[in-house]
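The values are calculated or read from the model by the stated rules, or taken from the named source; none is laboratory data. Predicted model, so just to flag it, every value in this text is computed and none were measured. Every residue, glycine among them, receives a Cβ derived from its backbone with ideal geometry; neighbour counts consider all protein chains shown.
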Amino acid sequence: MSQEIELKLALGAVDSERLGRHPRLATLVPQAIELRNTYFDTPQGDLERARVALRIREKRRQGATDLQRLQTLKTSGRGSGGLSIRGEWEWPIAGAELDLVGLAALPPMQDVDASLLDALTPRFRTDFRRLAWQLEMHGSRIELALDIGEIIAGERRAQIRELELELQEGEVAHLWQLALELAEWLPLRPASASKAARGTALVDCRWTLPEACVSRADCLERATSALDAFYDSGAAHFAAVAHEALARLAALGDDRLSTQLHTFLAAPGDGDRLTTELGQTLVALARDLHAAQA
């Protein structure tokens, strides 16, 4: 098992090619990869209820003819403000069918009844193009991935426009440092929902949000989850919830937010009004709250 430490950021309405012109990336050549991920669960959603994600990934590097297939199991972990720390098992497979024998041998699945494994079926998929840069920052190694594509659940679609900053070696603080540098360059914000969670919600047309909005961390998580749900569902209710949570966050004493929310709060549900200034504030706040909880 490996431990995945990843910071997820949603991109605002901006030309994604601008990312490659960032001073940290301009002299680097990214690796381009086409990815198609099929996610599996039982018809009753047993894995989703256990907060486990199972997928087969088809991976082809740009210009290559060979196709690599990987089976991955991810367990839920701890995290907030876009940062997640999860257990992950991944291994190559020969065909397009699940390796149930290998799956059953993994620690999270050893006590699972065989009938559940037999009931696993494709639920949705994610198709996207990834540009990946390998960075070194103060002795830490970070993979920065730009993912552009869509989640496909039957006739339903949701757009993928996100950055994933994965810590391969080093200090979590350097993930936050990189995120803040990027937030100065283009509008982005912390994103709570994984692609697997977004796909599951899209299948069921059911988006659930954290209920609490008492502490600053609560309010940021509720706002972030509501924004994720809004952009995938198009339901204005979620935009209104996000605006309420951000307003509550500002009322709890965060002066950085108080001066930036007017435009963003002016028209809930009316397009993407994320600015670089607000994005910087949200990323900095997420970093500070994570440090306080560590």
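With respect to (1) surrounded by 19 or more Cβ atoms within 10 Å (Cβ to Cβ); (2) within 30 Å of Asp41 (Cα to Cα); (3) at pLDDT 90 or above, the lone exception for Ala235 is condition (1).
Taken together, the residues in region 8-64 that are closer than 25 Å to Pro108 by Cα and of a type in the set (S, T, N, Q) amount to 4. Close contacts from region 61-76, counting a first residue that is farther than 16 Å from Phe40 by Cβ and a second that is assigned to a strand (DSSP E or B) and of a type in the set (Ser, Thr, Tyr), with Cβ to Cβ under 9 Å and a gap of 6+ residues or different chains, come to Ser76/Ser84. Under 7 Å between Cβ atoms, which residue pairs at least 6 apart in sequence (or on different chains) link something in region 195-221 that is without any contact (Cβ under 8 Å) to a residue 12 or more places away in the chain with a partner that is assigned to a helix (DSSP H, G or I)? Within 7 Å, the pairs are Ala212/Asp218.
Look at region 264-281: where a residue is at pLDDT below 70 and a partner is not in a helix (DSSP H, G or I), sitting 6+ places away or on another chain with Cβ atoms under 6 Å, you get Phe264/Arg273; Asp272/Gly12; Asp272/Ala13.
One residue stands out in region 166-175 among those that are within 18 Å of Arg86 (Cβ to Cβ) and in a helix (DSSP H, G or I): the one that is farthest from the chain's Cα centre (by Cα), namely Val172. Within region 1-59, the set of residues being touching an Asp or Glu at 6+ places or on another chain (Cβ under 8 Å), hydrophobic (A, V, I, L, M, F, W, C) and in a loop (DSSP other than H, G, I, E, B) comprises Met1, Ala13.
Among the conditions (1) part of a helix (DSSP H, G or I); (2) under 23 Å from Leu289 (Cβ atoms); (3) at pLDDT below 95, Leu186 misses just one, which is (1).
Scan region 14-42 for residues that are over 19 Å from the mean Cα position of the chain (by Cα) and charged (D, E, K, R) and jot them down. Matches in region 14-42: Asp15, Glu17, Arg18, Arg21, Arg24, Asp41.
Specify which of the listed residues (Gly87, Gly82) is in contact with a Pro (Cβ under 6 Å, 6 or more places away or on another chain), crowded, with 16+ Cβ neighbours inside 10 Å and modelled with pLDDT under 90.
Details: Gly87 fails: in contact with a Pro (Cβ under 6 Å, 6 or more places away or on another chain).
None of the others qualify; the one that does is Gly82.
Kindly provide the set of residues from region 111-139 that are hydroxyl-bearing (Ser, Thr, Tyr) and surrounded by 14 or more Cβ atoms within 10 Å (Cβ to Cβ), ordered by number.
Thr126
Within region 199-213, being assigned to a helix (DSSP H, G or I) and surrounded by fewer than 22 Cβ atoms within 10 Å (Cβ to Cβ) holds for Leu202, Val203, Asp204.
Is there a residue being buried (at least 16 other Cβ atoms within 10 Å of the Cβ) and either under 23 Å from Ala96 (Cα atoms) or not assigned by TED's automatic domain parsing to the domain that holds Ala191 (or both) anywhere in region 18-25? No - not one qualifying residue is present in region 18-25. Counting only residues that are exposed (fewer than 13 other Cβ atoms within 10 Å of the Cβ) and among the charged types (D, E, K, R), which one in region 28-69 is farthest from Ala196 (Cα to Cα)? So the residue we want is Asp66.
Filtering region 122-141 for residues that are touching a Lys or Arg at 6+ places or on another chain (Cβ under 6 Å), over 30 Å from Ala247 (Cβ atoms) and assigned to a strand (DSSP E or B) leaves a non-empty set. In the set (1) assigned to a strand (DSSP E or B); (2) under 21 Å from Glu58 (Cα atoms); (3) over 18 Å from the mean Cα position of the chain (by Cα), the condition left unmet by Leu146 is number (3).
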